[in-house]
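One structure below.
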Amino acid sequence: MENLLLIIVKIGYVILGIVYLKSSMTKLKKPFMFYIALEEYNVIKNKKLLIVFTPFLIVCELVLSLLLVTTIFPKSMLILGVFIQFFYILIMLINMNKEFSMNCNCFALNVPKKLSTKKLLTNIYLLISIVLLYGLEIRA
């Protein structure tokens, strides 16, 4: 039974890893548009800090996807995943029910053009999935 649970957890990690990999690859292809989307959310007001933080966030998301797909370093994956998802959830809560004109909607998972409860719940689900999978793995 424990082996079956561990296999299910590993499959869950890989599925989440693919979601984050797809998301981070989109951001890697259009880093300036991601910067514009974050700028429009107006959470980080210092432009110099935002210029540094945007690529840092993209790299963190890419590293998270690789950690999830390879299913190694589960504690690092948990810390990074919680950090990333808390950030996205926070900026969504601050800007709830707003629509952004400069946003290309290329990053609908994390910084959508029009914020809705559904988008917020998707990010909360991702956060819960990361924590739940980690918890199941350490129990197996």
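The values are calculated or read from the model by the stated rules, or taken from the named source; none is laboratory data. Because the structure is a prediction, the values reported are computed rather than measured. Because the Cβ atoms are built from the backbone with ideal geometry, glycine has one as well, and the counts that use them run over all protein chains shown. Heavy atoms of the whole protein, side chains included, go into the accessibility calculation; ligands, DNA and RNA do not. Shrake-Rupley method; radii C 1.70, N 1.55, O 1.52, S 1.80 Å.
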| request: Go over the candidates Leu120, Leu109, Leu126, Leu115 one by one and state the one that is more than 18 Å from Val43 (Cα to Cα) and either surrounded by 12 or more Cβ atoms within 10 Å (Cβ to Cβ) or of a type in the set (S, T, N, Q) (or both). | output: Leu126
| task | Only residues that are buried (at least 17 other Cβ atoms within 10 Å of the Cβ) and under 14 Å from the mean Cα position of the chain (by Cα): list them for the range 27-52, please. | result | Lys27, Phe34, Leu38
| request: Within the range 6-26, work out how many residues are polar (S, T, N, Q), open to solvent by 20 Å² or more (accessible area, probe 1.4 Å) and either touching a Lys or Arg at 6+ places or on another chain (Cβ under 8 Å) or free of Cβ contacts under 8 Å to residues at least 60 places away in the same chain (or both). | output: 0
| task | Kindly check whether there is at least one residue in the range 56-66 that is closer than 23 Å to Val131 by Cβ, open to solvent by less than 90 Å² (accessible area, probe 1.4 Å) and over 14 Å from the mean Cα position of the chain (by Cα). | result | no
| Within the range 100-116, restricting attention to residues that are without any contact (Cβ under 8 Å) to a residue 12 or more places away in the chain and over 12 Å from the mean Cα position of the chain (by Cα), which residue is farthest from Leu5 (Cα to Cα)? | Asn105
| said: Looking at the range 118-140 only, could you name the residues that are farther than 22 Å from Met77 by Cβ and either touching a residue at least 12 places away in the same chain (Cβ under 8 Å) or in contact with a strand residue (DSSP E or B) (Cβ under 7 Å, 6 or more places away or on another chain) (or both)? | reply: Lys119, Leu120
